[in-house]
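All remarks here apply to the structure that follows.
The values are calculated or read from the model by the stated rules, or taken from the named source; none is laboratory data. Note that this is a predicted model, so its numbers are computed, not measured. All Cβ positions, glycine included, derive from the backbone under ideal geometry; neighbour counts span all protein chains shown. The accessibility values were calculated without ligands, DNA or RNA, using every heavy atom of the protein model including side chains. Shrake-Rupley method; radii C 1.70, N 1.55, O 1.52, S 1.80 Å.
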Amino acid sequence: MKNVTKLLLLLSIIAIGFSSCSKEKRIEKHLYSKSGKWNNTLYDYKYYYNGVQESSIVYQNAGYIEFEKDGKFTWVFTADGSTDASSGTWSNTEDKLTLVEPGNTVIYTILEESKKTLKLEYSESSTEFGDEKETYTLTFEKEK
């Protein structure tokens, strides 16, 4: 009976490992498949001070991000009449998307992901001038 229990435990661990890898690979393929271009349909920024939301900025149609199969990305952000472009490398796990630019690494939490939609969130906190927190929630739609 102990051997059967050990075998079932081992098979469960292997199954969980394979399902994790397959979700990670599925997300990776969704990011760069077809053109790899995702339009930033909603960019939502919130600033909190001592737990109270002090400000919020929302941009619609704020540019795009393009993922390449070789792990490179280009991000063009457009808001308030100006455009900012950046590029670097990307990688993902089943619940995180990491973007690395020269001198800057940002790890986004993947809130939602499908072939057509990608929703990411990034938060940054500081206690230098009180309890400050900034949250960025970005929604992307795959370009057809």
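Observations on the model:
- Accessible area of residue 64 (1.4 Å probe, protein heavy atoms only, ligands and nucleic acids ignored): about 60 Å².
- Taken over the Cα atoms of segment 34-104, the convex hull encloses 136 Å³ per residue.
- Contact order for the chain, expressed relative to its length and based on alpha carbon pairs under 8 Å spaced 6+ residues apart, stands at 24 percent.
- Counting only heavy atoms of the protein chains and using a 1.4 Å probe, residue 77 has close to 50 Å² of accessible surface.
- Gyration tensor verdict on segment 91-144 (Cα atoms; rounded if a/c is under 1.5, prolate if a/b is larger than b/c, oblate otherwise): prolate
- With respect to the chain, whose longest principal axis is taken over its alpha-carbon atoms, helix 2-32 is tilted by about 30°.
- Surface exposure of the chain, expressed per residue as accessible area with a 1.4 Å probe, stands at 65 Å².
- All Cα pairs of segment 25-144, percent lying beyond 21 Å: 39
- Across the accessible surface of the chain, with the other protein chains kept in place and a 1.4 Å probe, carbon and sulfur atoms take up 54 percent.
- Within segment 64-129, trypsin sites (Lys or Arg not before Pro) in DSSP loop having at most 15 other beta-carbon neighbours inside 10 Å: 69, 115, 116
- Subset of 23/144; 29/72; 23/46; 72/133 violating a 18 Å alpha-carbon distance limit: 23/144; 23/46; 72/133
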